[in-house]
Amino acid sequence: GTSGTAEPEGGGGGKMWGGWLILHLTVLTAGELYLSPVGLSFMTVVSPRELVSMMMGVWFLSSFFGNYLSGELGAMYAYMDPPKFFSMVALLAAGVSVVMLVSSRPLMFLLDPSRLV
């Protein structure tokens, strides 16, 4: 229904409010617009001059693989029960968060501005 909830009225296979799709795509696009220039700028700052263009290519390639893998993950929804699918997504997000947390201190040490000069 148009009540603003993600669940169709009656709980069955009805139509969902289209605003959720617009809101989702707006947030996703805004995130990409904020992240891409910052990431590219970061690549140019921390890369050696000889490798700047290659590292920008690596940035775009990693974006490609991330989008591809998210599409493959989303395609699994058709083959899994919704609770199992969203549990898998949550566990994957938690695992990536742990990897990022563990690697943040060594990366901060390697990217110390006094070492980059």
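Take the Cβ-Cβ distance between M54 and T29 as r, set R0 to 25 Å, and report the resulting FRET efficiency rounded to the nearest 0.05.
Numbers: r = 28 Å, r/R0 = 1.10.
The computed FRET efficiency comes out at 0.35.
According to the Kirkwood expression over distinct Cα-Cα pairs, how big is the hydrodynamic radius of the stretch 59-117, in Å?
14.0 Å
Values quoted throughout were computed directly from the atomic coordinates according to the rules given, and no laboratory measurement underlies them. Please read these numbers as outputs of a predicted model, since none were measured by experiment. All Cβ positions, glycine included, derive from the backbone under ideal geometry; neighbour counts span all protein chains shown.
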